[in-house]
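Comments concern the structure below.
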Amino acid sequence: MKASRRRFLRFAPANAARAPIRPPWALAPSEFLSTCTRCDQCARACPTRIIARGDGGYPEVSFRAGECTFCGACAEACTPRALSTARPAWRLQPELASSCLARGSVLCRACADVCDRAAIRFTLRAPRPSVQVDASACNGCGACVRSCPVSAISMQPAAFTT
């Protein structure tokens, strides 16, 4: 079944869909799709189990399962070389939705507490805390996504964050 048909059957508008997040060190999208054999070796090799089969059988990353440790196991397991540590892993940043508890004046720092790089910071200001993401400190590991109690964080390509 084609991805657009799946989106239709899930009642998801086509313009709401964003490109899937491929495993770290993936080739450019069109090159990745033509090189990847959908063998699932990268998913089997991933120690945190964040790589799973997505639309069309191609591997996608879900940070709901955990975080990327940048161990390189997925790239080592990729025999067609659709993943290679010779290139940058990716450039992702967290995007906080309006449902973020801190933005709604609820004391929550779950995402900042799990961020080893201190890329998410809270500043206490009346009437609510201010949340900032330091793009230069964020490595795109996705640890913050799983920690959010209301699923208000998603990882997006750096060019699409606000």
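Any read-out appearing in this document is the output of simple, stated calculations on the displayed coordinates, not a laboratory observation. It should be emphasised that the depicted structure is a prediction, and the values quoted were computed from it without experimental measurement. Here the Cβ positions follow ideal geometry from the backbone for every residue, glycine too, while neighbour counts run over all protein chains shown.
Here is how the numbers come out for the structure above:
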{"read-out": "For the chain, cysteines whose Cβ has no other cysteine Cβ within reach (under 4.7 Å)", "value": "Cys36, Cys39, Cys46, Cys68, Cys71, Cys78, Cys100, Cys108, Cys115, Cys138, Cys141, Cys148"}
{"read-out": "The stretch 47-85 versus the stretch 116-155: alpha-carbon centroid distance in Å", "value": "23"}
{"read-out": "Amide H within-cut-off set for Gln93, under 5 Å, with H built and near neighbours excluded", "value": "Gln156, Ala158"}
{"read-out": "Burial ranking of peptide ranges 148-156, 97-105 (average Cβ count within 10 Å, highest at the top)", "value": "148-156, 97-105"}
{"read-out": "From the coordinates shown, semi-axes √(5λ) of the Cα gyration tensor in Å corresponds to which of (1) 30, 19, 13; (2) 23, 17, 16; (3) 33, 18, 16", "value": "(1)"}
